[in-house]
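Quick notes on the structure that follows.
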């Protein structure tokens, strides 16, 4: 089975390696990018293609027609598109006989749409899933070919959840690709009317409002930590990035949100709408003083 692979994030590299290790799978070519400034987990796969000794297209500046023509020349039986923020022309869907496999880290049909790892953590969800499906002309609406539920613990953040997805995806690859090879795979159609779709996030979604509860702010912090750009607040006319924070209960409710209660080697303790947040890892320089406000 000839596979043309499209991707440009760290997760793409994990899936490509899993595919390349399977008997009966031939990587026919790799499409990637050399730059993606808005992606914290960006990864150019040109070195991976070189290690596999397969053709590679860096598609930063190529047109849709050039991309389509190059993929056709690789003559794929199936295309895997994993971690790609550029829309693919509908014509590309018709190229591979066995379909175009894509990925979404939610329990489809729930939570289609943008920034799924960030939204799941920011909303405080306690579960998600790792879903491979066949691309159609809708947005995350294609038939599911493999789905693995994943629990989200209160201690998870973007990095730990991302790592768990990287662990489970190769297991799924080894489970469903042999069925794709021998024709025994039975995709499960989604009902496009089921579920919901998350919107695109903006930098404003990462700005902390201290009137929110400490628990809500902590969820935002763990959602946007590495490999993402981090939650932010303002101090001394600068944007401060907060990478890790802990909820502290028992603080007086008669103190205003945003008031700095402690500041030092143990972190910065800030009163929130409910409870307080101890900011553990951050970019404050200088530290805010107790009694000041963020």
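Nothing in this text is a laboratory measurement; each read-out follows from the coordinates by a stated rule. Quantities reported herein were computed from a predicted structural model and do not represent experimental measurements. So basically every Cβ, Gly included, is an ideal-geometry build from the backbone, and we count neighbours across all protein chains shown.
Run the quick spin-label model on residue 205 and residue 22: label points 7 Å from Cα toward the beta carbon, then report their separation in nm to one decimal.
3.1
What order do you get for 200, 259 when you list them from fewest to most C-beta neighbours inside 10 Å?
Numbers: 200 8, 259 19.
Lowest count first: 200, 259.
Between residue 153 and residue 73, what FRET efficiency follows from the Cβ-Cβ distance if R0 is 35 Å, with the result rounded to 0.05? It would help to have the intermediate numbers written out before the result.
On the way: r = 46 Å, r/R0 = 1.31.
E between residue 153 and residue 73, to the nearest 0.05, is 0.15.
Measure nothing but the geometry: give the 0 to 90° angle between the long axis through the Cα atoms of 10-20 and the longest principal axis through the Cα atoms of the chain, rounded to 10°.
30
Quick check for you: which residues of the range 92-118 have the amide N under 13 Å from the point 7 Å beyond the Cα of residue 191 toward its beta carbon?
From the range 92-118, the list is 109-110.
Helix 64-73 versus the longest principal axis of the chain: what angle, 0 to 90°, nearest 10, using Cα atoms?
In the chain, helix 64-73 runs at an angle near 50 degrees to the longest axis.
Residue 137 to residue 34: extension gain in nm, 0.36 nm per residue of separation minus the Cα-Cα distance? List each step's numbers first, then the result.
Working: separation 103, 0.36 × 103 = 37.08 nm, distance 2.69 nm.
Additional length available on full extension: 34.4 nm.
What value, in deg cm²/dmol to 500, does the helix sum -39500 (n - 2.57) over DSSP H runs of n ≥ 4 give at 222 nm once divided by the residues of the chain? Show your work: numbers first, answer last.
Working: 7 runs with 75 residues, N = 294.
Using -39500 (n - 2.57) per qualifying helix, the result is -7500 deg cm²/dmol.
Rounded, prolate or oblate: pick one for the range 1-96, where a ≥ b ≥ c are the square roots of the eigenvalues of its C-alpha gyration tensor, a/c under 1.5 means rounded, and failing that, prolate if a/b is larger than b/c, else oblate. Intermediate values should be presented prior to the final figure.
Values: a/c = 1.63, a/b = 1.06, b/c = 1.54.
Cα axes put the range 1-96 in the oblate bin.
Can you say what percent of the DSSP beta bridges in the chain, counting only those with both residues inside, are antiparallel? Round to 5.
Values: 33 of 50 bridges.
Just about 65 percent of them are antiparallel.
Considering the chain as a Gaussian network with a 10 Å cut-off on Cα pairs, which listed residue, 238, 219, 111, attains the greatest mean-square fluctuation?
238
Ranking 277, 93, 87, 123 by Cβ neighbours within 10 Å, fewest first, what do you get?
Numbers: 277 28, 93 16, 87 8, 123 13.
Exposure proxy ranking, most exposed first: 87, 123, 93, 277.
Please report the relative contact order for the chain, taking Cα pairs under 8 Å with a sequence separation of at least 6, and give it as a percent rounded to a whole number.
Dividing the mean separation by the residue count of the chain yields 14 percent.
Starting from one equal scatterer on each C-alpha and no solvent at all, send me the Debye-based log10 I(q)/I(0) for the range 158-221 at q = 0.30 Å⁻¹, two decimals.
With one equal scatterer per Cα and no solvent, log10 I(q)/I(0) is -1.13.
Between 56, 233, 81, find the one with the highest GNM mean-square fluctuation for the chain; connect C-alpha pairs within less than 10 Å.
Maximum fluctuation in the GNM of the chain, among the listed residues, is at 233.
Send over the per residue convex hull volume for the range 203-282, Cα only, as a whole number of Å³.
It comes to 85 Å³ per residue, whole-number rounded.
As I understand it, the value is the acute angle between the Cα axis of helix 158-182 and the longest principal axis of the Cα atoms of the chain; what does it come to in degrees, rounded to 10?
20
Give me the distance in nm between label points sitting 7 Å out from Cα along the Cα-to-Cβ direction at residue 226 and residue 283, one decimal.
1.4
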